[in-house]
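The values are calculated or read from the model by the stated rules, or taken from the named source; none is laboratory data. None of these values were measured; they are calculated from a predicted model. Virtual Cβ from ideal backbone geometry, glycine too; neighbours counted across all protein chains shown. Please note that ligands, DNA and RNA were not included when accessible areas were found on the heavy atoms of the full protein model with its side chains. Shrake-Rupley method; radii C 1.70, N 1.55, O 1.52, S 1.80 Å.
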Amino acid sequence: MTYYYGAAYYPEQWPEHTWEPDIRLMKQAGLNATRIAEFAWSRIESSPDCYDWTWLDKVMKLLHENDIGVVLCTPSASPPMWVVDACPGMLNIDVNRIERPAGARRHYCPNNPEYRLHSVRIAGAMAQRYGNHPALIGWQIDNEFGEGVGPCYCDVCAAEFRNWLKEQYASLEALNEAWGTVFWSGQYNSWDQIKPPMQGSRPFAQPLIPGLRHNPGWVLDYERFSSDSFVAYQNLQENAVRPHTDKPVTHNGMGLASNNIDYYDLFKTLDVCGYDCYPSVVAESYSASSRNMSHSRNLTGKPPWILELSSGGGFSTWGGARPQAPPGALRLVAWHVFANGGEMALYFQWRMMAKGAEQLESSILELDGVPRRKYEELKRTASELKRLEPWLSQTQVKSDVALIFSYDHHWAHSLKPFSNSFSYSDQSGALYDALVAKGLNVDVVSLEADLTKYRMVVLPSPILMTPEIAAALKSYVHGGGVLLSTFLTGVKDWHNVGIWDRPLPGYLDDLFGVNVVEVDPGCPDLPTRIALDTGACKCEVKHSVWSDVLETVGRDTDVIGRIVGSYRAGEPVITRNRAGKGLAYYLGAWLEKDALSTILDEVLNAASVLRSPIIVPEGVELIRRTGGNLDVTFLLNWTYAPVTLNLNGLYTDLMTDRRHEGVFELAGRDVAYLRKES
Ligand code: GLA
């Protein structure tokens, strides 16, 4: 298997005489891939049907001659001026009904029929010309759909939204019932009365109108519709490209919850998951990016392509000071990608640009194109990658633990938060962090994933519930699985309306053996704490942010956490219920780091999840890759200080062939690649 290592390159912005030396430098560093053309539409087609392929032909040829593989992008993220003129009404209208002007990027509506035709035409033309080019290794459709923009709220979208709703609900009566429009006399008498809302999910859709509170069913469906619009838009381009190529087609996503698109849907038809991975080059933490890597790894089941990777800072493009990448950072982030299952790592970007909105954005080469320390670091990493390739290709990142991430849950929490003190994404992140800190691989997967592959499933605050999802969870537990669900489980139905005809957690009360009878966001004025008793650990911890008020109703429900102090003293808040061959844990309270870790130890032990024998301190990332008889552990020290670990076994360093047993030193910001000897 070939691993791809390189950087995004923008030859259209540079005079021709720079191409050859720039590309030669890539080759001399041992790089073997690049990504080009995602914003180059006006250089390819400067006016209607006036194509100029000569420059791109030359660049493709030069790259091929230097053994640099190319991910070629369709350029629809930045429609040229003449396309905007040719498609009246194609500009994106934001949630506050402000038109996004041409002159930047992503100024389009994915539903605009004329713009769709232009996108399909340019994608098809590129594929026809380069679909079989020897330099080509794959396609990227558009660039980071929705980034910084969010959904479109134009008239075309309004009409398409109504069509989408007709398909979902068939009748207006059904829609009125599902959304609960009786509230505040919001009932619709005709489909035409339904408009796009003026409120959406954060971060893009903050309404300018004070006090505006929309129906939760309406806003949630608009998020779903908008996500479907981008998926459909992508599929049109994908279908235009595929007949001319047999290379993988992908898109560059932005990490699991960065914009308003359901990546499970978006990547369903794509060959690999593309993801733009921006871990901080200076921070001592890696977990947010690790969670994104896990999600990307599991989206298509194939090793993800990292189409953009942090290259540091320096000049700030977006305001605020952006730290430069200290020595070792670019190597560290590259190994973060490859160890976590990536097949490709392309930095953003090869050479600092002089022009435009992103002028002086961070890069491997500075403006003058002279290779310096960052270049040398890539050279070293490329040679390490060559050496490690056989071990990477024979091993995979496998996991006994799944963490569910659902866009419907994410949107429901974000559109109608019940407390500003936590977010779905933060809750999911806290659970992920606490698990990986124990030296575990964790798979971030969808609600539709095959859960039977996992010993343990963690379900963060699944606020929306259906009988079907509940049945799947029950079947998993009854078959022997161990499930942990956290507070705010099954509060509302799939239309974002409270479940009122049965006890909460909706459809799951019997599985957990509890009823949620009230909720309590925690009050600093009341002396409420939580007493944990897992058998292995008895302690009292802080109560803040949130707790569900539980009553146990199951015959086999054990209480492992109770409220201490205040009027709630003695109430259960964390429970364990035996159901069939498995166990269902209900974590009814938000817990701080140490307490969460204690509860997770209890659940991991109950699920017999094996951990790595190597215990890592905070700031050291451990990724275990296995395959056949091979067991390879990657250790990445994100801290600046050296750490001393106990390997608890015999290992060979795959880079130096040196053997290590017991105490092992890892320098600050360094990486180790250790094969376990039996
Ligand atoms: C995103 C975009 C790139 C560029 C970088 C800058 O990832 O895809 O085009 O804007 O951010 O950091």
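As a calculated quantity, the FRET efficiency between SER608 and LEU630 at R0 = 25 Å, using C-beta atoms, amounts to about 0.65. Straight-distance candidates among the lysines for linking to LYS538, with alpha-carbon spacing under 19 Å and chain neighbours fewer than 8 residues away dropped: LYS593. Compared with the direct C-alpha span, the chain from VAL549 to LEU236 gains 107.8 nm at full extension, assuming 0.36 nm per residue. Fully extending the segment from TYR640 to ARG373, taken as 0.36 nm per residue of separation minus the present Cα-Cα distance, adds 94.3 nm. Shape class for segment 401-606, computed from the alpha carbon gyration tensor (a ≥ b ≥ c): rounded, with a/c under 1.5.
Under the simplified labelling scheme, the TRP494-ARG578 pair shows an inter-label distance of 3.4 nm, with each label point 7 Å from Cα along Cα→Cβ.
Considering the convex hull of the alpha carbon atoms of the chain, report its projected area averaged over all viewing directions, in nm², one decimal. Average projection, Cα convex hull of the chain: 30.6 nm². Using C-alpha pairs under 8 Å with a sequence gap of at least 6, the mean separation divided by the residue count of segment 1-139 gives a relative contact order of 23 percent.
Suppose all protein chains stay in the model; what accessible area per residue would a 1.4 Å probe give for the chain, in Å²? Result: 38 Å² per residue.
Please compare each pair in LYS27/LYS374; LYS166/LYS195; LYS247/LYS374 to a cut-off of 20 Å on the Cα-Cα distance and tell me which ones are over it. Cα-Cα > 20 Å for LYS247/LYS374; rest within. For segment 576-662, just say rounded, prolate or oblate: build the C-alpha gyration tensor, square-root its eigenvalues into a ≥ b ≥ c, call rounded for a/c under 1.5, and beyond that prolate if a/b exceeds b/c, oblate if not. Note, shape of segment 576-662 comes out oblate. Counted residue by residue at 0.36 nm each, then reduced by the alpha carbon distance between them, the extension gain from THR452 to ALA170 reaches 98.0 nm. Computed from phi, the 3J(HN,Hα) profile of segment 396-411 under the Karplus parametrisation 6.51, -1.76, 1.60 (θ = phi - 60°) reads 10, 8, 10, 9, 9, 10, 10, 10, 7, 10, 10, 5, 4, 5, 4, 5 Hz, with x in place of Gly and Pro. Placing +1 on each Lys and Arg Cβ and -1 on each Asp and Glu Cβ, with no other charges, gives the chain a dipole about its Cα centre of roughly 1100 debye.
The label-point distance for ASP155 and CYS50, in a model that sets each label 7 Å from Cα toward Cβ, rounds to 3.1 nm.
Considering only alpha-carbon pairs that sit under 8 angstrom and 6 or more positions apart, the relative contact order computed for segment 620-676 is 39 percent. Computed from point charges on the beta carbon alone (+1 for Lys and Arg, -1 for Asp and Glu), the dipole magnitude for segment 401-606 about its Cα centre is near 320 Debye. Dipole orientation for the chain: of the candidates LEU332, VAL120, ILE574, LEU332 has the Cα lying most toward the positive pole (charges on Cβ; Lys, Arg +1; Asp, Glu -1). Each residue of segment 454-459 was assigned a 3J(HN,Hα) from its phi angle through the Karplus expression (A = 6.51, B = -1.76, C = 1.60, θ = phi - 60°), giving 10, 6, 9, 10, 10, 10 Hz with x at Gly and Pro. Peptides 172-180, 5-13 ordered by packing proxy, namely the average of other Cβ atoms within 10 Å per residue, highest first: 5-13, 172-180.
What's the carbon and sulfur percent of segment 620-676's accessible surface, probe 1.4 angstrom, rounded to a whole number? Carbon and sulfur together cover 47 percent of it.
Here each label is just a point 7 Å from Cα along the line to Cβ, and for SER185 and ALA86 those points are 5.0 nm apart.
When a/c is below 1.5 the answer is rounded, else prolate if a/b is larger than b/c, else oblate, so apply that to segment 620-676 with a ≥ b ≥ c taken from the square roots of the Cα gyration tensor eigenvalues. Because a/c hits 1.5 or more and a/b exceeds b/c, segment 620-676 counts as prolate. Toward the positive end of the charge dipole of segment 609-663, with +1 on the Cβ of Lys and Arg and -1 on the Cβ of Asp and Glu, the farthest Cα among VAL632, PRO617, GLY662 is that of VAL632.
Here the dipole of segment 73-157 is about 200 debye; that uses its Cα centre as origin and unit charges on the Cβ of Lys and Arg (positive) and Asp and Glu (negative). Taking the chain as a whole, the Cys residues whose C-beta sits 4.7 Å or farther from every other Cys C-beta are CYS50, CYS73, CYS87, CYS154, CYS157, CYS273, CYS277, CYS523, CYS537, CYS539. Over the chain, DSSP H runs of length four or greater, each weighted -39,500 (n - 2.57), average out per residue to a 222 nm ellipticity of -9000 deg cm²/dmol. The distance separating the Cα centre of segment 129-156 from that of segment 173-238 comes to 25 Å.
Which one of VAL370, GLN349, TRP318 is farthest out on the positive end of the charge dipole of segment 317-383, using unit charges on Cβ (Lys, Arg +1; Asp, Glu -1) and the Cα centre as origin? Final value for the positive-end residue is VAL370. Each peptide in 244-257, 559-572 receives the mean, over its residues, of other Cβ atoms within 10 Å, and ordering these scores from highest gives 244-257, 559-572. With θ taken as phi - 60° and the Karplus curve 6.51 cos²θ - 1.76 cosθ + 1.60 applied, the whole-hertz 3J(HN,Hα) list for segment 438-449 is 8, x, 10, 7, 10, 8, 8, 9, 8, 5, 8, 5 Hz, x standing for glycine and proline.
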